[in-house]
Each structure stands twice: as structure tokens, then as C-alpha cells.
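Visitor: The structure under discussion is supplied below as C-alpha cells; questions concerning it will follow.
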Amino acid sequence: MDISITQLVIIVLAPLLGSILAGIFGKVIGRIGAHVATIAGVGISCALSIGVLWNLLHGAAPVNHDLYTWFDVGGLQAHVGFMVDNLTAMMMVVVTFVSLLVHVYTIGYMADDDGYQRFFSYISLFTFSMLMLVMSNNFVQLFFGWEAVGLVSYLLIGFWFKRPTAIFANLKAFLVNRVGDFGFLLGIAGIVAWIGTLDYATAFHNVDKINGTVEILRGHPWSMATVISICLFIGAMGKSAQVPLHVWLPDSMEGPTPISALIHAATMVTAGIFMVARMSPIFNLSPVALDFILVIGATTAFFTGLIGIVQNDIKRVIAYSTLSQLGYMTVALGVSAYSAAVFHLMTHAFFKALLFLAAGSVIIGMHHEQDMRRMGGLRKYMPVTFWTSLVGTLALIGTPFFAGFYSKDSIIDAAKEHAVEHGGFIAQYGYYAVLLGAFVTSFYSFRLLYLTFFGKERFREVAHDDHHGDHAHGHDDHGHAHEPHESPWVVTLPLILLAIPSIVIGYLTIGPMLHGKTMGGEEAGKSFFDGAIQLPAHGVMAKLGEEFHGSLQMALHGFTQAPFWLTLAGFALATWMYLLKPEVAAKARKMFALPVRILEDKYGFDKLWINGFAGGSVLLGRISRWFDSRVIDDFLVNGAARETREAAAEIRKMQTGYLYSYAFAMIIGLILLLAWLIKSGAGA
């Protein structure tokens, strides 16, 4: 069955319609009407997206269709249209499925919030924006979706706009993303200048046109493919929070937990990874750009994961985990394992959404407490939240048979193959960063689990006065006036529904998605992403495909590999420090005071951005204002007027009004003129 264009239009517009109903007519339709309208819109979009993916898997032809022409200027056309292939369809299902569960979860989480209808309108608009981004078939529509998710994230991060920290966080996210978007625009401009089109298919077909060079600095020519690729990736660095443009993501925790799950799991931060995978024909032309991507991804994967070790806010630990996992995806892009990057994007969406929503459930059960130091022993009070959190943790650390194992180990294996094949510092750095990242991920994940669900019930102790929780804007009990409790079914049901794919989705899909083989290892024809992203015939994924003998065998083999043993070591260390001998953690913190201080300071990146970029801009503005007022206004404009006025006042004194004064001046002038003429004549 072919894919209907009407079906695609409904997929995009249904969430937008729900957003309009909840946002504009929220007071008319009320709370129930708002969540019914938005959930129905996203539910319809999800059901139709699953249908699109099903049809593509059963032989339907991919779609590349222009709905209408936006503009045609000098032969350069921009359309509104859709490119829907396996890559797009998978993204559509992930975005709408996670968004649907977040919508349902929000009913329970935001039940007491005055901005109930507004929040539903925002998250539905967020879903529409992400669908426009992933379904676009041209760079203009891609940029529209790109900026739209940035705008709505600004509204959502600052949803509680009466909190100064929320306002600071949404401004930070908005401004940092503008830095990345500047590079993104330059990359698109380079494609238009050298290829002369805004259409994906045309650009990919004529990609050889950017094989020329351009002189960036005098005497230093650069490959145009490298320049375009790096510029495009700078945009991805902003959206997908890669070092050094990562600083906005942890602060986005100032928004309500449902949006933390949506931003970190399935929408905004995945946009950069998706874009690079979609543009793989361009990126594969530049080994220099791929090395740059590899270095950035490896740095993000390892060093931001370390910061998660010292965080005490339950949501911020998961936020730094997101940064680290995005680094893994970026490493996969850097070694041209695009399919592995997108595969990890898909599995990560499920278990990271699960972990964030589970953290939100803990916050509800603890009456809006977020500090893990004031939790402990919650597993007997919140059994559903505990078991689903355990599933999400096992998936995140890459436990064999769980979803994260298949995608994460594929990236580590791809990085290893790349290091063996290419050698050199960059390739080795990329491999060891993701390998050691397995230990770090395991350690901070079990630290979170133990501090939250095991050990002493610290929530009975008096909270410090400086506490501010996720909902602290509307509550002041901080969880110490009531016993912890399990969350309502509208919160726990999404956790259960996300836990299922967090266990099985990797096992069921790794064969066809990465290797063109079934679960048992038999040949199944082309890879899932053939025709959607560029898969080099002799790349690292092709070599891994030759070694793949099925999901079961890969999981069993995983127990013997270095990533599993490093993961086990991280689990053992966390168990010893936070479960068996909790006093060791305090001693270790004192012993390693300097590294801890560096990690708590986040390597100084926040200060660099706030005092350097933002502070420098403010300083530049002050200097500009001083120059404008003192030099331009006072000296040049007002100064010229003042000097003219003073000169006129002096000259005016010569106008006495007496005839003898003028006669005397004429005689003096005549004498001077005659003297000059006599002197000139004598000289001649």
C-alpha cells in the first residue's frame, strides 16, 4: 500500500490543531478539553506514523513530494514538502510515541498547576515542530522546524516564568542555540552558493560540486565540503548539546519534568544527530570534518559523564547522562557509522524518557523534592517507579539483552574498528573515550539508584533552608510533611509502556537496522537505512555486519567484552560506595576535593559562557553606549554644534552697528591687501 500525502499532512497538522485548541481556546474547553484535544492530536499522529512505517517495511515506495512552492527567486525555489523514507518514518514513530506518553503523564504531573492548558499547548506545538523538521525535504523547511523547536523549548524551559532561575535557563538555551544556528545558516548558504539548490534530493545528486576548494584565510585553501560540513555540524553542536555548546542542556531542568523527558529523549537534542545522518552524503566527502565530529563527540561522551558523578539533583544526573549519550551518537557519526548513531538515538529515546519520567514520579512521591541526599529507601513506597527505573538504568548502562546494549556496543565496536583501520591519536581517543564512558555511565547510574531507592530513609530528616524543587514555585512542604507514595496511574502507565521497548527494542531490531539481517543472523537483504543515509560499502558497519550472527549471540558475546567488564566495575564501585559502605563516599569526596571541585564547576564552561560570551557582550554593549554618548554625541554631534555656537558668539561681537567701526575695519583691510600686493609684485 502506497503512502498517502493526505496521511502525511494529517500527521503534521493534528498536533498543531490540538495545540491551537488548548492554547487559544483553553479557557473555553477547560482542563479536560485541553488534554483531550492535544492527546487526540498526538495519538492520531502516532497511529498514522506507525502505519507509514509499516507500509515502508512492507514494500511501499518512499515519498518525496512538494505540497506547494513557498518562493521562487532568481531560479532558487523553496517548497513545503515531505521526504519520508525509513529514517524519517522511524523518527516519526519515536517522536510521536514518546510525545503521546509524555502527554498522558502530564495529566498527573501538572494536575495542580495553573498553567495546565498552556503547558499542553506548548508540548503539542513542540511535537508539530519536530515533525516538520524530520519530515522536510528541503533546507528551508528544515530550518523552520529547527528554529521552531528552539523557540518552543524556550517557552517550555521558562514555563514557570516567575522563577528567576527558569528565566535565566531559557535565555541561556536560546542564546547558546543561536550561536550554533549561525554556523548552521552558513552551511546552508554554502550549499546554495555551490550547488544552487535548497532541495535535499537535488543537493545529494549534485554533491560532487562541493569537491572544490575555498580560501578561508589568504594562502590557506580549504575543501568546500569541509567548510560546509563543519558549519552544518556547528548547528548540530548547539541543538544536540555538544561541547562547548552543551551548557544549556543541564539548566533546561528548570522546566517541568515532562518537558525534560521530551527535550532530552525524542525531540530537540536528537535533531542534530538526525540532521547529520540525513546529510551523510555531504559529510562523507570530508574526512577532516568527520575527525572534528569524532573529537567533539568523544569529549562530550566522557567528560560530561564525569560531571554526572558529583550531581545531587536527580534530574541533573540524568541530564548529564543525556549529554554523554549524545556524545556516543556523535562519535558514531564521526566514524561514518550513521546507522549506529540513529539506532542509539532510537533506543535512547525510550529508556531516557523512561528515566526522566521515573524521576518525575519520584519528585511527585517525595512531594517535589529533587535532592537525592534527602531520599533513600523509596523502593518499598514506590515499587512501580523503582522497577521501571531499574529497567531504564539497565538499558542505559548497556546490559546485554537490554535495548541500550545493542546500540551502545555497536557504537563502541564501530569506534574500535575505526581505530584499528585508521590508527592515529584522534581515532584512538574516540575509542577509549566511549570505552571508559561505559564505566562512568554505570557508576553514576547506580549511584542515582542507590541514593534514591536504597539505604536510610533520609527524607525524614529536616531539609535545608536553601532547597528549591521542581514544583517549589507552588509548594512549600518539600516532602517532609507526608509519607512518600506511589504516583497515580496516569504517571505509572507511561513508565510501564516505556519500560517494554527499553527491554526488547534493541533485540528485535538490531539485525535489519544495522546489518540487513534477521534476529537469527540470516541475510534479509538490504539494511533498514539503505537509500535513507549513506552507508559506505566498506565502512565500519559493513565489517561489523560480517561478524553479526544474531541478537542472541551478540548479547552472549557481550558478556566477554571489555565494555561489559567496565560496566560491571562501575556497578561494583557504586555498590560498595553507596550501598555497602556509604561512609566511603564522604571520605572519597574529601580525598579527591580538587577533581570534585572541577567537576562541580563543570570545567568552568558555565563561567566561560556567562562571564566570557554573555559578559563580553554586555561589556561590549557598555563600551558601545559610552562611545555613542561620549564620542559621537558629546564630542562630534553636540561638540560640533557647541563649537559653532561659541564661534558665532565671538564673531557676533564684531557686529557693533556703528559706522566708524566698519570704516575702520575697511581701512585696515585695504592696507593689508595693498601690502600683500606690493610684496607679491616685488617678489616677481
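The values are calculated or read from the model by the stated rules, or taken from the named source; none is laboratory data. From a predicted model like this one, the values you see are computed outputs, not experimental measurements. Glycine also receives a Cβ, built like all others from the backbone with ideal geometry; neighbour counts cover every protein chain displayed. With ligands, DNA and RNA removed, areas are computed over all heavy atoms of the protein, side chains included. Shrake-Rupley method; radii C 1.70, N 1.55, O 1.52, S 1.80 Å.
Visitor: What is the angle, in °, between the Cα long axis of helix 562-575 and the longest principal axis of the Cα atoms in the chain? Nearest 10 is fine, range 0 to 90.
Guide: 90
Visitor: Taking the 0 to 90 degree range and rounding to the nearest ten, how far is the long axis of helix 116-135 tilted relative to the main principal axis of the chain, both from C-alpha atoms?
Guide: The two axes meet at around 90 degrees.
Visitor: Same structure again: Within straight cross-link reach of residue 408, meaning Cα distance under 16 Å, which aspartates and glutamates are found once same-chain residues fewer than 8 apart are removed?
Guide: Cα-Cα hits under 16 Å: 417.
Visitor: If you don't mind, another one. What nm distance separates the two modelled labels at residue 163 and residue 661, each placed 7 Å from Cα along Cα→Cβ?
Guide: Taking the two extended label points, one gets 7.7 nm.
Visitor: Rounded to the nearest 500, what is the chain's calculated 222 nm mean residue ellipticity when only DSSP H runs of at least 4 contribute -39500 (n - 2.57) each, over all residues? It would help to have the intermediate numbers written out before the result.
Guide: Values: 27 runs with 449 residues, N = 684.
The helix-only estimate for the chain comes to -22000 deg cm²/dmol at 222 nm.
Visitor: Express the accessible area of the chain per residue in Å², computed with a 1.4 Å probe while the remaining protein chains stay in the model.
Guide: Heavy-atom SASA per residue in the chain reads 42 Å².
Visitor: Same structure, new question: What shape does the range 300-351 take by its C-alpha gyration tensor, where a ≥ b ≥ c are the square roots of the eigenvalues and a/c under 1.5 counts as rounded, a/b above b/c as prolate, and the rest as oblate?
Guide: It comes out oblate by the Cα gyration axes.
Visitor: Moving on to the next point. Specify whether the C-alpha gyration tensor of the range 124-185 places it in the rounded, prolate or oblate class, a ≥ b ≥ c being the square roots of the eigenvalues: rounded for a/c under 1.5, otherwise prolate if a/b is larger than b/c and oblate if not.
Guide: oblate
Visitor: Per-residue accessible area for residue 144 at 1.4 Å probe radius, Å² rounded to 10?
Guide: 90
Visitor: Something else: Arrange the peptides 176-187, 662-673, 191-202 so that the one whose residues have, on average, the most other Cβ atoms within 10 Å appears first.
Guide: Put in order of decreasing packing, that is 176-187, 191-202, 662-673.
Visitor: Give me the one-decimal nm value for the distance between modelled label points at residue 432 and residue 618, 7 Å along each residue's Cα-to-Cβ direction.
Guide: 4.0
Visitor: Percent of accessible area on the range 311-447 owned by carbon and sulfur, 1.4 Å probe?
Guide: Carbon with sulfur: 64 percent of the solvent-accessible area.
Visitor: So, one more: Peptides 549-556, 236-243: what's the order by average Cβ count within 10 Å, highest mean first?
Guide: On the way: 549-556: 17.8, 236-243: 27.6.
In decreasing order of mean packing, 549-556, 236-243 become 236-243, 549-556.
Visitor: Explain nothing, just the number: dipole magnitude of the range 31-144 about its Cα centre with +1 on each Lys and Arg Cβ and -1 on each Asp and Glu Cβ, in debye rounded to the nearest 20.
Guide: Dipole magnitude for the range 31-144 comes out near 120 debye.
Visitor: Another question, then. Round to a whole number: what % of the accessible area of the range 1-44 belongs to carbon and sulfur, probe 1.4 Å?
Guide: On the range 1-44, the fraction of accessible area on carbon and sulfur atoms equals 76 percent.
Visitor: Run down the lysines and flag those whose C-alpha is under 26 Å from the C-alpha of residue 380, throwing out any fewer than 8 positions away in its chain.
Guide: Reachable lysines: 315, 352, 456, 581.
Visitor: Rounded, prolate or oblate: which one fits the range 521-638, using the alpha carbon gyration tensor with axes a ≥ b ≥ c (rounded when a/c is under 1.5, else prolate when a/b beats b/c, else oblate)?
Guide: Values: a/c = 6.30, a/b = 1.59, b/c = 3.97.
Here the range 521-638 falls in the oblate category.
Visitor: On C-alpha positions alone, give me the angle between the axis of helix 268-278 and the longest principal axis of the chain, in degrees, nearest 10.
Guide: 90
Visitor: Right, another one. Figure the gain on full extension for residue 654 and residue 178 (residue separation times 0.36 nm, minus the Cα-Cα span) and round it to one decimal in nm.
Guide: Result: 165.1 nm gained on full extension.
Visitor: For the range 135-160 and the range 407-439, write down the distance between their C-alpha centroids in whole Å.
Guide: Measuring centre to centre over Cα atoms gives 32 Å.
Visitor: For residue 162, give me every one of the aspartates and glutamates with a C-alpha distance below 15 angstrom, ignoring sequence neighbours fewer than eight places off in its own chain.
Guide: Cross-link targets: 113, 114, 254, 470.
Visitor: Would you tell me the accessible area of residue 175, worked out with a 1.4 angstrom probe on the heavy atoms of the protein chains, in Å² to the nearest 10?
Guide: In the full protein context, residue 175 sits at about 90 Å².
Visitor: How would you rank 598-610, 645-657, 443-455, highest first, on the average number of other Cβ atoms within 10 Å across their residues?
Guide: Highest-to-lowest ranking by the protection proxy: 443-455, 598-610, 645-657.
Visitor: Would you calculate the separation in nanometres between label points at residue 565 and residue 189, each defined as 7 Å from the Cα along the Cα-to-beta-carbon direction?
Guide: If labels sit at residue 565 and residue 189, their model points lie 5.2 nm apart.
Visitor: I would also like to ask the following. Rounded to the nearest 20 Debye, what is the dipole magnitude of the chain about its Cα centre when Lys and Arg each give +1 and Asp and Glu each give -1 at the C-beta?
Guide: 1380
Visitor: To continue, here is another question. Keeping all protein chains in position, work out how much accessible area residue 547 exposes to a 1.4 Å probe, and write it in Å² to the nearest 10.
Guide: 110
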